[in-house]
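Below you'll find the structure, written out as structure tokens, and then a few comments.
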Amino acid sequence: MPFGLDYSMVSAFIQVILIDLVLAGDNAVVIGLAAAGLDKEIRQKAILIGIIAATVLRIGFALITTQLLSLGGGLLVAGGLLLLWVCWKMYRELTVSHEEEHEAQEALANEDQNADGKIAGKAPRKTLRQAVWQIIIADVSMSLDNVLAVAGAAQHHLEALIFGLALSVILMGVAASLIAGLLHKYRWISWIGLVIILYVAVRMVYHGIDQLLGHTLPVIPFF
């Protein structure tokens, strides 16, 4: 590449940025959906709890996941299969009804965007405890998904790995709601992110199997 840049490193940086954007926004939408059924007075409290929990979990998973993936092919395969499950979940979420997504957006923004006199008024009612449990369970899964995807995309590029993990924490802690609104407006960004995560997942499974078989599989360019 020109300017002496390493193609694989540039590719890794682009992949981790898109993965972080899509998964931070996706996590925020899930938090918004869980909090949408709460009364206005406690809705923002639940959303804040969810965002703080997701940020802390990303830091925790970042400290252990990258070490686990370096241990061998079996863990690479397991991580890749988990990301394939993430792809399926993302596909289902991208095809969620616009009404459900709109309720999440109103809850995150804390404003009546469709001028019906209510904020997320059509969401089923629930208690703060129910919403927080729903949010925490989703945060655990989605934070692990985010860290695995970034680690898989970065491959052996330590700079891209550190950058990607730091960016995921910053985006979740500071701009998750903003990104969720951006992805709601420009859904094609989410579809690109889904394709990248699918690519990373298949690559992780392939290289994991290759390690288990003693590096006997053919080398595929750009893979």
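What's the ranking of 137-149, 190-202 by average number of surrounding C-beta atoms within 10 Å, highest first? Mind showing how you got there, number by number?
Working: 137-149: 22.6, 190-202: 19.5.
Descending packing order for the listed peptides: 137-149, 190-202.
Listed values for segment 15-29 are Karplus-derived 3J(HN,Hα) couplings in whole Hz (6.51 cos²θ - 1.76 cosθ + 1.60, θ = phi - 60°), namely 5, 5, 5, 5, 4, 4, 4, 5, 6, 5, x, 4, 4, 5, 5, and x replaces Gly and Pro. Descending by average beta-carbon neighbour count within 10 Å, the peptides 14-23, 29-38 line up as 29-38, 14-23, the highest first.
At full extension, residue 158 and residue 178 could sit 4.4 nm farther apart than now, given 0.36 nm per residue minus the alpha carbon distance.
If you take the beta carbon distance between residue 11 and residue 52 as r and set R0 to 25 Å, what does 1/(1 + (r/R0)^6) give as a FRET efficiency, to the nearest 0.05?
On the way: r = 32 Å, r/R0 = 1.30.
Computed FRET efficiency for residue 11 and residue 52: 0.15.
Take the Cα of residue 133, step 7 Å toward its Cβ, do the same at residue 94, and the gap between the two points is 3.3 nm. Per-residue extension of 0.36 nm, minus the Cα-Cα distance of residue 213 and residue 140, leaves a gain of 23.1 nm for this segment.
Determine, from the Cβ-Cβ distance of residue 40 and residue 63 and an R0 of 35 Å, the FRET efficiency 1/(1 + (r/R0)^6), rounded to the nearest 0.05. Walk me through the intermediate numbers first.
Values: r = 37 Å, r/R0 = 1.05.
That pair, residue 40 with residue 63, gives E of 0.40.
In whole percent, what relative contact order does segment 7-213 give with Cα contacts below 8 Å and a gap of six or more residues? Provide the component values of the computation, followed by the final result.
Details: 288 pairs, mean separation 94.9, N = 207.
Once divided by the residue count of segment 7-213, the mean separation gives 46 percent.
Annotation: residue 126 carries an accessible surface of approximately 50 Å², with a 1.4 Å probe and no ligand, DNA or RNA atoms counted. Neighbours of residue 148 by Cβ distance under 15 Å: Lys/Arg scored +1, Asp/Glu scored -1, total -1.
The values are calculated or read from the model by the stated rules, or taken from the named source; none is laboratory data. Source: prediction; values computed, not measured. Don't worry about glycine lacking a Cβ; one is built from the backbone with ideal geometry, like all the others, and counts go over all protein chains shown. Keep in mind that these areas ignore ligands, DNA and RNA; they rest on the heavy atoms of the full protein, side chains included. Shrake-Rupley method; radii C 1.70, N 1.55, O 1.52, S 1.80 Å.
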